[in-house]
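Report on one structure; see the data block that follows.
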Amino acid sequence: VCLSDNPSKPCFVLFFKGVRIMLDCGLDIKQILHFVPLLVVPGFQVSKARPWSQGGDKRTRVPDDVTQELKDCGGRLLVDGAPEFAIPETGIINLSTLDAILISSYGCLMALPYITECTGFRGTVYMTEPTLHIGRLYMEELVKYVERNPKSSVASHWKQEHIIRNLPAPLRDAIRPRQWRKLYTLHDINSALSKVQLVGFSEKVDIFGALTVTPASSGCCIGSCNWIIQSKYEKICYVAGTSTLTTHPRPMDQAPLKNADILILSCFTQTPLSLPDPMIGEFCVNAAVTVKNGGNVLVPCYASGVTFDLFECLSGHLDQCGLSGVPMYFLSPVSDSTLAYSNIFAEWLSSSKQSKVFLPECPFPHADLLSKGRLKNFSSIHTGLTTDFHTPCILFAGHPSLRMGDIVHFIELWGNSSANTIIFTEPDFPHLDALAPFLPLAMRVCYCPIDTSLNFSQANKLIRDLRPLHLVVSETYTKPPVLEPLRNDLTIDFEPSPLTYKQGEVLSLPVKRQFEVVEMEQELANTLEPVEVKPGSALSLVTASLVAKDNKFLLKRLSKETQLSRKRRADGSLLWRKPYIFGTPSLHTIADALKQHGFSSIKVEESDTGSIIHLVKEDSLIQVDGSSTHIICDSEDVRLKLKDVMLKCLKQL
C-alpha cells in the first residue's frame with residue numbers, strides 16, 4: 001500500500017507472512033510553498049506581503065475571515081498562518097497495527113513523529129546510526145525554524161471546498177489541504193526516536209521469526225541503505241534513495257539485492273535532465289564569478305548531504321581562481337552538530353574518506369576550512385555573525401523552500417542588488433515557486449540542481465544487473481516527464497511490464513509462497529527408517545505432532561499413549577493403515593516376475609505411448625506407460641494374480 005503522493009518522499013506498508021512493515025515515512029514539505037515566509041525577527045513579515053484585495057465577480061468573493069488568513073506576496077496568494085505539512089495517508093490502514101518501520105535514509109524519516117506519536121504505534125523502528133543522528137538534526141532544525149517566529153493560529157477557513165475553488169492558482173490547486181498537519185514538537189521527536197533500534201550494514205534482524213530484514217549500503221548519503229526482506233524461500237528488496245556515483249558515502253552494495261522475487265523502487269532523481277557533475281561545475285563557476293565582481297552568493301541548502309560536497313568542490317575552485325580569501329558562512333541551528341557528525345562517522349564513508357582517518361586527518365576538508373577560518377558556521381544571524389561578517393562572501397543557509405530560516409533575511413537584505421546571486425542546488429522545491437513571494441528581485445538567479453539519486457539510465461542498468469522476477473515502481477516513472485513528452489529514455493524499461501503504485505492504491509504482489517521450513521527434534525529423527533526411492537533420495541513416513549510457535553515450526557515425537565492408539569475417522573470408526581506404493585519397474589523386472597509366477601507365453605511390444613506385455617495363453621494385456629499400468633483381462637482370477645505380481649515389482653512404505 002502506497003501512502004505518499006510524492007515518490008521522492010516515499011511511505012509504503014508491506015503485508016508479508018502476517019507481518020506489517022512500513023517502508024520509510026517521508027514528509028512532503030513542498031506544500032509549505034503555499035505559506036507566507038517566516039522572518040528571523042518575530043512579529044515582522046516579508047516586505048512584499050500585502051493584504052489581499054479581492055476583485056471580480058461578487059458571487060465568487062470569499063468572506064472576510066478568509067481574507068484575513070491570506071496575503072498577497074509578489075503577486076501570489078499565500079496563507080498567513082502556522083506552516084503545515086502533507087503527511088502520509090493515515091486513513092487507509094490502522095497504523096497502530098504496524099509491527100516495524102524500516103527507514104532508508106535521514107531524508108525519508110521526517111514524518112516519523114506523526115506515525116509513532118499520533119496513531120498508537122507500538123512496534124520498533126529500524127535505521128542506521130547516522131540516519132538516527134542526522135535525521136534528528138533535520139527534524140530539530142525544522143522545529144527551530146518554525147518556533148523562531150511562531151504563528152498564533154492555524155489558518156483553516158480557506159480550506160473549505162466552496163471557498164478554495166474560488167481562490168486564484170496555485171493555492172486553488174493545493175492537494176488535500178484538510179489533511180495537512182502542524183509541525184511536531186521537540187518532545188515528539190525525542191519520543192519517536194526512543195523507539196529506534198540501530199542496525200549496521202549487512203546485519204540480519206529477525207522480525208517475529210517470520211522474516212529477516214537486512215540493510216545494505218545504498219551510496220546516497222551517510223548511513224543510507226536499501227532493505228532486503230526475506231523469508232526462507234522468498235525475497236523482497238526495497239531500493240530507495242540509491243546512488244551509483246562516487247561521492248562521500250560508502251558505495252552501493254548491489255550483491256544482496258540480486259535475484260529478488262520483488263524489487264520495489266522509489267526516490268529516483270527529481271532532475272532527470274541535469275547530471276550532478278556539470279551542475280557542481282556550473283555552481284562553482286557562478287559563485288566564483290559573482291564574488292570576483294564584488295557580489296555575494298546565497299545558497300539555500302540543507303544542513304547535511306550535498307552541502308558537504310559543495311564545501312569541498314567550491315573551496316578547491318576558489319583556490320584555482322585566486323579567491324582563497326573569500327569567506328564561506330554556514331548558517332543553521334544544527335550546523336555545529338552536522339559538521340561534527342560528518343567527521344566521526346568514518347566507517348559509513350567511502351574508502352577514500354575512511355583512509356584519511358588513519359593518517360590521521362579529518363575525512364572532510366571542511367574541518368580544515370574551519371580551522372583556517374575560511375569556513376565559519378553559526379546557529380543563526382543573532383549568534384556572533386554580525387561581529388565576524390565580511391563581504392563579498394558565500395553564504396549557505398536554510399531552508400531550501402525559502403519559507404523559513406535565515407535565508408529569508410538575506411534575500412530581503414541582498415535581493416535588491418544585481419551584483420548578488422542566489423544559486424539553487426536542492427531539487428526538492430521548484431526554484432521559481434520558492435522565489436515567488438520575493439519577486440521582483442534584482443539579484444541573479446541560478447538553478448543548478450544537484451541530485452545524486454539514480455537517473456533512468458542508471459536505474460535501467462541496475463535493474464538488468466539485479467535481475468528481479470517482478471518490478472514495482474511509481475506510476476510516474478513509466479511515463480516521460482511532462483516537459484519532455486517524447487523522451488521515452490526517461491522511463492523505466494522492464495519486461496514483463498512493471499507493477500505501478502500511486503497514493504491510496506492497494507497492490508497485490510505476485511509472490512507465491514509454496515514452502516515453509518519445518519525442523520524435527522532429535523528423538524523423532526532417531527526413530528525414522530528411510531527407504532531409498534532413487535539414488536540419493538530416501539523417504540520415510542512420519543507421524544508426529546506439529547508445534548507452531550513464534551512463526552517457527554517443529555515436529556515432535558508423539559507420546560506413548562498417542563502412539564498406541566489407532567487413528568479414527570470423525571464418526572469413530574478405525575482407519576485402515578494402508579501402505580504407500582511407489583516406483584517405476586522396468587519391463588525386464590515385470591517379465592521375470594511373471595515367469596516366476598507361471599506365466600510362460602509372454603510377448604513384449606513397444607508403442608508410442610509406452611509398452612504392452614501380451615500374455616498369449618491367458619489372453620490378457622498389461623499396458624505400461626510412464627505414469628500408470630493397466631491390466632486388461634476377462635478372467636477375475638487371472639486379473640488378481642497379475643495384480644499381485646505387479647505389486648511385488650513396486651516398492652512400499
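The values are calculated or read from the model by the stated rules, or taken from the named source; none is laboratory data. Remember, predicted model here, so these are calculated numbers, not experimental data. Positions of Cβ are generated from backbone atoms using ideal geometry, with glycine treated the same way; all protein chains shown enter the neighbour counts. All accessible areas refer to the heavy atoms of the entire protein, side chains included, with ligands and DNA or RNA removed. Shrake-Rupley method; radii C 1.70, N 1.55, O 1.52, S 1.80 Å.
Summary table
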quantity	calculated
Residues satisfying the stated conditions in segment 335-373, i.e. surrounded by fewer than 18 Cβ atoms within 10 Å (Cβ to Cβ), touching a Pro at 6+ places or on another chain (Cβ under 7 Å) and of a type in the set (D, E, K, R)	356
Yes/no for residue 621 being over 60 Å from the mean Cα position of the chain (by Cα), farther than 25 Å from residue 534 by Cβ, surrounded by 14 or more Cβ atoms within 10 Å (Cβ to Cβ) and free of Cβ contacts under 8 Å to residues at least 24 places away in the same chain	yes
Residue that is farthest from residue 127 (Cα to Cα), among those in segment 1-22 that are of a type in the set (A, V, I, L, M) and surrounded by 23 or more Cβ atoms within 10 Å (Cβ to Cβ)	3
Residue check, residue 312 open to solvent by less than 30 Å² (accessible area, probe 1.4 Å), in contact (Cβ under 8 Å) with a residue 12 or more places away in the chain, more than 23 Å from residue 415 (Cβ to Cβ) and not small (Gly, Ala, Ser)	no
Residue 433 in a loop (DSSP other than H, G, I, E, B), modelled with pLDDT under 95, farther than 24 Å from residue 259 by Cβ and of a type in the set (Asp, Glu)	no
Pick from segment 404-426, criterion open to solvent by 30 Å² or more (accessible area, probe 1.4 Å) and of a type outside the set (Gly, Ala, Ser), ranking: nearest to the chain's Cα centre (by Cα)	409
Which listed residue, of 486, 528, is within 30 Å of residue 278 (Cβ to Cβ) and either free of Cβ contacts under 8 Å to residues at least 24 places away in the same chain or aliphatic (A, V, I, L, M) (or both)	486
Segment 166-178 residues that are free of Cβ contacts under 8 Å to residues at least 12 places away in the same chain, paired with ones that are loosely packed, with under 14 Cβ neighbours inside 10 Å (beta carbon under 7 Å, 6 or more apart)	172/165
Members of segment 572-599 found to be in contact (Cβ under 8 Å) with a residue 24 or more places away in the chain, outside any loop (DSSP other than H, G, I, E, B) and closer than 21 Å to residue 534 by Cβ, listed by number	581, 582, 587, 589, 590, 593
Count of residues meeting criterion [among the charged types (D, E, K, R) and surrounded by 14 or more Cβ atoms within 10 Å (Cβ to Cβ)] in segment 277-294	2
Residue 89, sole failed condition from (1) crowded, with 17+ Cβ neighbours inside 10 Å; (2) without any contact (Cβ under 8 Å) to a residue 24 or more places away in the chain	(2)
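Listed here are the residues, each with its yes/no results for (1) part of a loop (DSSP other than H, G, I, E, B); (2) acidic (Asp, Glu); (3) within 20 Å of the chain's Cα centre (by Cα).
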| residue | (1), (2), (3) |
| --- | --- |
| 89 | yes, yes, yes |
| 104 | yes, no, yes |
| 117 | no, yes, no |
| 126 | no, no, yes |
